[in-house]
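Enquirer: Structure provided below as structure tokens; questions to follow.
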Protein chains: 2
Amino acid sequence: MSPSADRRGSRTERVDRLADLVIERELGAMLVTSPVSIEYLTGFTGTNGALIVGEDRRLFVTDPRYREWVADGIEGLEVEILQGDWLKGLAGLIGSKTGIEDGFMTVRVETKLAEHGPAGIELIPSGELVEGLRRVKDPVEIELIAEASKLADQVLGEVLAEGLAGRTEAEVAGVITGRIRQEGGEPSFPPIVAAGPNSASPHAEPSARVIEAGEPVILDLGAKLDGYCSDCTRTVFTGPPDDRAREVYGIVVESNETALSETAAGVGCAALDEVARGVIERAGFGDRFVHGLGHGVGLEVHEEPRLGPRSSEQLLERDVVTIEPGIYIPGELGVRVEDLVLVGESGVETNFSSHSKDLLEVG
Amino acid sequence: MSPSADRRGSRTERVDRLADLVIERELGAMLVTSPVSIEYLTGFTGTNGALIVGEDRRLFVTDPRYREWVADGIEGLEVEILQGDWLKGLAGLIGSKTGIEDGFMTVRVETKLAEHGPAGIELIPSGELVEGLRRVKDPVEIELIAEASKLADQVLGEVLAEGLAGRTEAEVAGVITGRIRQEGGEPSFPPIVAAGPNSASPHAEPSARVIEAGEPVILDLGAKLDGYCSDCTRTVFTGPPDDRAREVYGIVVESNETALSETAAGVGCAALDEVARGVIERAGFGDRFVHGLGHGVGLEVHEEPRLGPRSSEQLLERDVVTIEPGIYIPGELGVRVEDLVLVGESGVETNFSSHSKDLLEVG
């Protein structure tokens, strides 16, 4: 079976699973409107589409601009082209008890659908249904994430081998982006290259500052290949770090590895964050770990689940998540170490990030 | 005054104008949460920020990841770093009658703000306030849009001079993207290069199909430079077009030019669409113009106002909009011609698109 046939089969199964959830929740139907969920469920990547899934309903809707695109149909779905006002048209297609993607739909769209929908319409926040399906990666998705990770790791290896000192952060970031594109991918987000004091900013933008010798450099990058993202961070040193930097680096790696050793289906996302945070707190840097432990990765580089102190979810088997603790000391230095992993029944099933976490000195 | 001082000054004025609108609407305050509106009003380009603007209030809020970014303050604004749950924190900072950006805020966020906000909280859809401000471009913005247009036009000129026949659509699109980046810009959207039968799809993705001699080719591209976008489309022919293609081309250009001649502040967006559509309808192709006439362009490549049959707005002085009629005949050919213009009091103030609309044959 060809990979594209594989993908089509996966999509039909995904729509079937969504229909099961719709029945379980006693919704009339689910209205899917976010482009990324539409891509996940149908393969359509245009800018305007909607999918209505009920017990006996599988309706894909788009507008006349995409007439050609859907001319050959989409497997397993009825297709309708809506002329005229899009939201009024959609409102005319939904029943009175319709689930909506509340994490995507704006207040303005909800208001208009409610206004033009059938009498007594209830729009029921149900975005977690599709988000839940998207969390559990199937074999085709896992393969694509592995390929995207491999590409990003290869580019990171090349860039480190060429040395960092003497180049600007922006130059290095540009090289990373260019190499990912050369290999047929896209960056899954603008790469972060943050050296010296800039490394203390978790979301630093690559600057025109020249990277000097003896500095920590955070490199946070990912590739997007055939729709799927990767995400990985390493912190390296352009020359021997001082004792303080060495200590901070060791704590972050310990935090990362301790969290990895506790990662498994059934573990609470907040509990796992607490495991990583505990290592950093006990070392006296608790107030310097200023973000959550990680996030899901798939068609989007940030998706469900979120791993942080206020998460209420548990990890599921086949979640793909980042584990990325960090310590940031303003004006001085920052260290972040991030792996991308596939969650298994009783531990990490696959760690997609292949670079060593031993303290690395580069040129 | 340096350009960056110019931009800071513009931003302070924008926030003042928003405060005037908040008073006029008798809101307690406006809560601004969309990244593009935040960038417009404050210059902040991080992933997480909010702005609360009331009669005596100018509060910018972000999270600890951006502590360094805001360390030097933002001119004219009080700055607060929110620890802990972001939405609960925001809910604690807003009053009982708060305007929200309903065209951006999701149902999920609204629900959570309402749950954690002060007793009797009303969240009032008011996104049109910021959208209205963003429509009216100030001199700094007009200059940036002009520069982005100039860059895209230059790249289009180079690509046409090199000839299209014998190359794939994807190859030509790749060259366009590469040249825009070489010049320090980014594409404002993935360029469209659609030749022969593919030109009949208004949103065609550049394919691996080789462009042949004697075909229409739609090239739709824009650059983003320093935050601001451009957008322009030309349809050219790789050799002499037949009578039918020549006729269709002439009708689209006439539609474009007729609409341009009627473009002015005070004209209804639906009425202008009707002017352009009328030309195409009278020529017998009414059902082949399958999209609206145009859209606003600024920090986003698609922003307010929308120019289409169902628009309820009027053009304002200093709106920047596209005028882009098209005719698409499935299986045969498509033609679209798009200019980007600054709306003046009594006509087009500036047409940013410099390429000729005479029928052009290229190699």
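The values are calculated or read from the model by the stated rules, or taken from the named source; none is laboratory data. This is a predicted model, so every value here is computed, not measured. Here the Cβ positions follow ideal geometry from the backbone for every residue, glycine too, while neighbour counts run over all protein chains shown. Surface areas here come from the heavy atoms of the whole protein model, side chains and all, with no ligands, DNA or RNA. Shrake-Rupley method; radii C 1.70, N 1.55, O 1.52, S 1.80 Å.
Enquirer: Checking the structure you have, find out if any residue of region A:292-314 is open to solvent by 60 Å² or more (accessible area, probe 1.4 Å) and of a type in the set (K, R). Spell out the reasoning first.
Expert: Step one: of region A:292-314, the residues open to solvent by 60 Å² or more (accessible area, probe 1.4 Å) are A:300, A:302, A:306, A:309-310, A:312-314.
Next, from what is left, pick out any that are of a type in the set (K, R): A:306, A:310.
Yes, region A:292-314 contains at least one residue that is open to solvent by 60 Å² or more (accessible area, probe 1.4 Å) and of a type in the set (K, R).
Enquirer: List the strands (runs of 3 or more DSSP E) that sit entirely inside region B:137-236 and contain at least 2 residues that are within 14 Å of chain A (Cβ to nearest Cβ).
Expert: Working: elements: B:192-195, B:216-221, B:223-225.
The qualifying strands (runs of 3 or more DSSP E) are B:192-195, B:216-221.
Enquirer: Exactly one condition in (1) within 12 Å of chain A (Cβ to nearest Cβ); (2) open to solvent by 10 Å² or more (accessible area, probe 1.4 Å); (3) closer than 19 Å to B:G127 by Cβ is not met by B:E24; state its number.
Expert: Condition not satisfied by B:E24: (1).
Enquirer: Any idea which of (1) surrounded by fewer than 24 Cβ atoms within 10 Å (Cβ to Cβ); (2) on the phi < 0 side of the Ramachandran plot; (3) within 14 Å of another protein chain (Cβ to nearest Cβ); (4) not charged (D, E, K, R) is the one B:G331 doesn't satisfy?
Expert: Every listed condition holds for B:G331 apart from (2).
Enquirer: Could you count how many residues in region A:223-262 are farther than 16 Å from A:V348 by Cβ, among the polar types (S, T, N, Q) and surrounded by fewer than 23 Cβ atoms within 10 Å (Cβ to Cβ)?
Expert: The qualifying residues number 1.
Enquirer: Cβ contacts < 9 Å: first residue free of Cβ contacts under 8 Å to residues at least 40 places away in the same chain and within 23 Å of B:K224 (Cβ to Cβ), restricted to region B:153-168; second residue among the small types (G, A, S) and surrounded by 15 or more Cβ atoms within 10 Å (Cβ to Cβ), any location; separation 6+ or different chain. Result?
Expert: Correct list of pairs: empty, since none qualify.
Enquirer: Further, regarding this structure: Among the residues of region B:81-104, which ones are under 18 Å from B:A19 (Cβ atoms), among the charged types (D, E, K, R) and touching a helix residue (DSSP H, G or I) at 6+ places or on another chain (Cβ under 8 Å)?
Expert: Step one: of region B:81-104, the residues under 18 Å from B:A19 (Cβ atoms) are B:93-95, B:97-101.
Restricting the remaining residues to those that are among the charged types (D, E, K, R) gives B:97, B:101.
Within region B:81-104, B:E101 is the sole residue that qualifies.
Enquirer: For region B:236-251, which positions are among the β-branched types (V, I, T) and more than 18 Å from B:V193 (Cβ to Cβ)? Give the steps one after another, and end with the answer.
Expert: At the first step, the residues of region B:236-251 found to be among the β-branched types (V, I, T) are B:236, B:238, B:248, B:251.
Correct list: B:V248, B:I251.
Enquirer: Can you spot a residue in region A:62-78 that is of a type in the set (F, W, Y) and part of a loop (DSSP other than H, G, I, E, B)?
Expert: Applying the first criterion (of a type in the set (F, W, Y)) to region A:62-78 yields A:66, A:69.
Right, trim to part of a loop (DSSP other than H, G, I, E, B) and you get A:69.
Among the residues of region A:62-78, at least one is of a type in the set (F, W, Y) and part of a loop (DSSP other than H, G, I, E, B), which makes the answer yes.
Enquirer: Here's a follow-up. Would you point out which residue out of A:V130, A:V140 is of a type in the set (V, I, T) and open to solvent by 20 Å² or more (accessible area, probe 1.4 Å)? Step through it out loud before you land on a result.
Expert: On the way: A:V130 fails: open to solvent by 20 Å² or more (accessible area, probe 1.4 Å).
Every option except A:V140 fails the conditions.
Enquirer: Then there is this: Which numbered condition trips up A:A265, out of (1) in contact with a Leu (Cβ under 9 Å, 6 or more places away or on another chain); (2) open to solvent by 10 Å² or more (accessible area, probe 1.4 Å); (3) part of a strand (DSSP E or B)?
Expert: (3)
Enquirer: Kindly provide the set of residues from region A:268-280 that are buried (at least 17 other Cβ atoms within 10 Å of the Cβ) and free of Cβ contacts under 8 Å to residues at least 24 places away in the same chain, ordered by number.
Expert: Passing the criteria: only A:V275.
Enquirer: For region B:87-114, which positions are more than 9 Å from chain A (Cβ to nearest Cβ), in contact with an Asp or Glu (Cβ under 8 Å, 6 or more places away or on another chain) and free of Cβ contacts under 8 Å to residues at least 40 places away in the same chain? Don't jump to the end; show me each part of the working.
Expert: Applying the first criterion (more than 9 Å from chain A (Cβ to nearest Cβ)) to region B:87-114 yields B:87, B:89-99, B:112-114.
Okay, now just the ones that are also in contact with an Asp or Glu (Cβ under 8 Å, 6 or more places away or on another chain), so B:91, B:93, B:96-98.
Correct list: B:A91 only.
Enquirer: Would you say B:A283 is more than 21 Å from B:V320 (Cβ to Cβ), open to solvent by 10 Å² or more (accessible area, probe 1.4 Å) and touching a residue at least 12 places away in the same chain (Cβ under 8 Å)? Reasoning before the result, please.
Expert: On the way: more than 21 Å from B:V320 (Cβ to Cβ): yes; open to solvent by 10 Å² or more (accessible area, probe 1.4 Å): yes; touching a residue at least 12 places away in the same chain (Cβ under 8 Å): yes.
Against the criterion (more than 21 Å from B:V320 (Cβ to Cβ), open to solvent by 10 Å² or more (accessible area, probe 1.4 Å) and touching a residue at least 12 places away in the same chain (Cβ under 8 Å)), B:A283 qualifies.
Enquirer: Which one of the conditions (1) open to solvent by 40 Å² or more (accessible area, probe 1.4 Å); (2) out of contact with any His (no Cβ under 8 Å at 6 or more places or on another chain); (3) of a type in the set (D, E, K, R) does A:K88 fail to meet, given that it meets all the rest?
Expert: All conditions pass for A:K88, except number (2).
Enquirer: Further question on the same structure: Are there strands (runs of 3 or more DSSP E) fully within region B:324-363 with at least 1 residues that are under 18 Å from the mean Cα position of the chain (by Cα) and more than 21 Å from B:A270 (Cβ to Cβ)? List them. I'd like the intermediate steps shown before the answer.
Expert: On the way: elements: B:326-329, B:333-336, B:339-343, B:348-351.
Here the list reads B:348-351.
The rows are residues; the columns are (1) open to solvent by 30 Å² or more (accessible area, probe 1.4 Å); (2) farther than 23 Å from A:G331 by Cβ; (3) without any contact (Cβ under 8 Å) to a residue 12 or more places away in the chain.
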| site | (1), (2), (3) |
| --- | --- |
| B:L18 | no, yes, no |
| B:L31 | no, yes, no |
| B:S37 | no, yes, no |
| B:Y40 | no, yes, no |
| B:E55 | yes, yes, no |
| B:T62 | no, no, no |
| B:A71 | yes, no, yes |
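Enquirer: Check off (1) touching a Gly at 6+ places or on another chain (Cβ under 8 Å); (2) at positive phi for A:L151 and give me the number that stays unchecked.
Expert: (2)
Enquirer: Of all residues in region B:52-86, which are on the phi > 0 side of the Ramachandran plot and within 14 Å of chain A (Cβ to nearest Cβ)?
Expert: We begin by selecting, within region B:52-86, every residue on the phi > 0 side of the Ramachandran plot; these are B:73, B:76, B:84.
Of everything in region B:52-86, just one residue is on the phi > 0 side of the Ramachandran plot and within 14 Å of chain A (Cβ to nearest Cβ), namely B:G84.
Enquirer: Sort out which residues of region A:268-298 are closer than 26 Å to A:E143 by Cβ and outside any loop (DSSP other than H, G, I, E, B), and write them in order of number.
Expert: A:C269, A:L272, A:G294, A:H295, A:G296
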